[in-house]
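Notes for the one structure printed next.
The values are calculated or read from the model by the stated rules, or taken from the named source; none is laboratory data. Since we're looking at a predicted model, the values are computed, not measured. Cβ placement follows ideal geometry from the backbone for every residue including glycine, while neighbour counts extend to all protein chains displayed. All accessible areas refer to the heavy atoms of the entire protein, side chains included, with ligands and DNA or RNA removed. Shrake-Rupley method; radii C 1.70, N 1.55, O 1.52, S 1.80 Å.
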Amino acid sequence: MLQRLPVGIQTFDKLRQDNYLYVDKTQAIHNLLTGKAGYFFLSRPRRFGKSLLLSTIKEIYQGNRALFDGLWIADQWDWSKTHPVIHLSINKLDYQGLGLETALQQTLEAIAAQHGLTLVSTTLKNVFAELLEKLAKQQGNVVLLIDEYDKPLIDYLDDIPQAKANQQTMKAFYSVLKDSDPYLEFLLITGVSKFSRVSIFSDLNNLFDLTFDRSASTLLGYTQAELEHYFTPYMPETESYLGLTREALQEKIREWYNGYSWDLRTRVYNPYSILSFFQAQAFRNFWFESGTPTFLPKLMRRKKVYRLDKLRVDELALGNYDLEELELVPVMFQTGYLTLKDQDKRGMYWLDYPNREVRASMMMFLMAEWAHVEPAKTTPMVVHLSEAFDDNDLPEVIEIIKTVFKKIPYQIFLQDREAYYHSLIYLTFFYLGQYSEAEVNESNGRVDCVVKTATHIYILEFKLDKTAQAAMAQIKERDYAGAFRDDPRPKVLVGINFSSELKSVDDWVMEQ
């Protein structure tokens with residue numbers, strides 16, 4: 001009988017006691033617990049297994065050997081040596097209602113009461129210091145695990161004064177840790193973002209950042225080997241249901257959900273998407289739909305950015321997350337919408353979408369943001385466009401392109417017509433590539449768009465406030481069709497002019 005898939009399960013003891021599937025990460029965890037330093041920070045996107053990691057470490061330090069039967073660490077750890085564990089999940093605190101300082105202080109006082117400790121301090125900083133000291137003297141050095149440390153900042157990115165107030169509370173809270181070194185056995189703080197300019201950890205100069213460290217490259221996420229080992233029992237039913245061979249199924253899973261890397265050597269699958277896929281037996285955008293922040297597409301439109309693939313940045317930029325002036329690239333990288341793809345000889349990193357799930361979903365949300373429509377309406381529109389090309393119905397293609405621009409408020413469009421024109425053309429045809437063989441270029445001397453169907457090759461050139469004939473002349477003068485001369489399919493040349501006054505296509509011509 002197949003083990004149940006732990007979609008959304010973040011507690012290690014529940015996962016093990018209720019016979020859910022567990023991809024054994026205990027060797028990597030053991031290496032972390034016995035490695036070079038004792039105080040760590042780890043940044044990973046949401047739903048990547050951070051909470052389960054901390055829950056697993058908690059059970060190890062509390063000596064719950066029975067939960068680890070059959071796992072790598074079972075015979076590699078001294079289970080007789082236990083430590084008290086403080087496990088703070090910041091997301092579970094009622095900081096929205098009580099305020100961050102009060103919520104933290106009440107939680108610490110509750111932990112003290114659970115251990116039979118009486119605290120006399122009255123301020124958050126002193127309560128925390130007193131708890132660590134007294135708990136260590138009572139039971140041994142403390143293991144401190146803090147999950148989602150950055151939630152009180154991320155939740156208030158649209159309310160900067162409150163975010164900065166929370167930042168000051170967090171700074172005071174974490175400043176306790178440096179002087180509490182004699183009472184700490186192990187420390188791990190996790191979050192989505194690395195706020196490099198807010199000085200939350202400024203006093204913790206002994207906090208080792210695992211984010212890009214090779215020792216943590218496979219600590220979270222599933223490797224290809226893990227996918228093939230642990231999920232093989234689930235594949236026959238999925239193959240049968242989807243009508244795919246094993247090879248075709250694995251290739252499609254890789255295209256949709258693999259691709260994340262923090263060391264450029266190992267690529268891992270998004271665990272939430274993999275578990276959800278095998279449970280639903282359907283290729284869908286599970287991770288993206290589970291909580292994409294609405295501020296991201298808005299931030300991209302505000303900064304007039306409509307493409308994120310093939311970006312080049314230095315490493316410092318990836319950690320530059322400033323509360324008051326959000327920079328798009330570090331935000332998108334740290335939240336998991338971009339990943340490392342390569343590094344050039346000058347040490348610069350190339351970033352791109354990790355996989356099809358993220359790329360297609362981001363196109364959908366970006367089109368919705370730029371075109372002022374609901375995200376759910378963008379996919380049917382692009383599928384309709386793909387069908388029109390397949391049917392060789394160019395008048396219908398033109399009508400669909402017109403609808404892309406239809407709902408944009410006229411004054412907003414006029415204020416930024418160049419950005420609107422380029423972004424929506426690019427987004428429409430880049431998104432079309434999910435359903436047809438479509439290539440789209442920006443203004444780099446090449447044809448704007450190429451769409452290949454089973455019967456034709458369409459070569460499209462767009463102009464703004466010129467003429468369709470000017471677009472057609474450029475296609476011919478630069479011999480854009482020449483690149484496809486060896487392909488026997490008929491070449492359809494399409495020149496399209498877009499009028500900013502009409503906010504629509506006003507003229508188009510075609511030749512085969």
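List of remarks:
- Residues in the chain average 44 Å² of solvent-accessible surface per residue, probe 1.4 Å, ligands and nucleic acids excluded.
- Residue 508 contributes about 80 Å² of solvent-accessible surface, heavy atoms of the protein only, 1.4 Å probe.
- Options 266, 212, 168, ranked by Cα towards positive dipole end of the chain, top entry (Cβ charges): 168
- Note on residue 367: accessible area approximately 0 square angstrom, rounded to 10, probe 1.4 Å, nucleic acids and ligands left out.
- Accessible surface of the stretch 74-114 [probe 1.4 Å, protein heavy atoms]: carbon and sulfur percent: 42
- Percent of beta bridges antiparallel (DSSP, the stretch 447-512, rounded to nearest 5): 60
- Check: the chain dipole with +1 on Lys, Arg Cβ and -1 on Asp, Glu Cβ, in debye: 520
- Ligands, DNA and RNA excluded, the heavy atoms of residue 178 present near 90 Å² of accessible surface to a 1.4 Å solvent probe.
- The alpha carbons of the stretch 67-216 occupy a box of 50, 42, 28 Å along the principal axes, longest dimension given first.
- Listed residues 505, 129, 192: farthest to the positive end of the dipole of the chain (Cβ charges): 129
- Most to least accessible of 410, 421 (protein chains only, probe 1.4 Å): 410, 421
- Listed residues 237, 247 arranged by accessible area, highest first, probe 1.4 Å: 247, 237
- Convex hull volume per residue, computed on the Cα atoms of the chain, equals 169 Å³.
- Among beta bridges that DSSP assigns inside the chain, antiparallel share in %, nearest 5: 50
- Annotation: peptides 11-18, 433-440, ranked by per-residue average of other Cβ atoms within 10 Å with the highest first, follow the order 433-440, 11-18.
- Links that overshoot a 22 Å alpha carbon limit, given the list 125/178; 298/377; 194/345; 252/377: 194/345; 252/377
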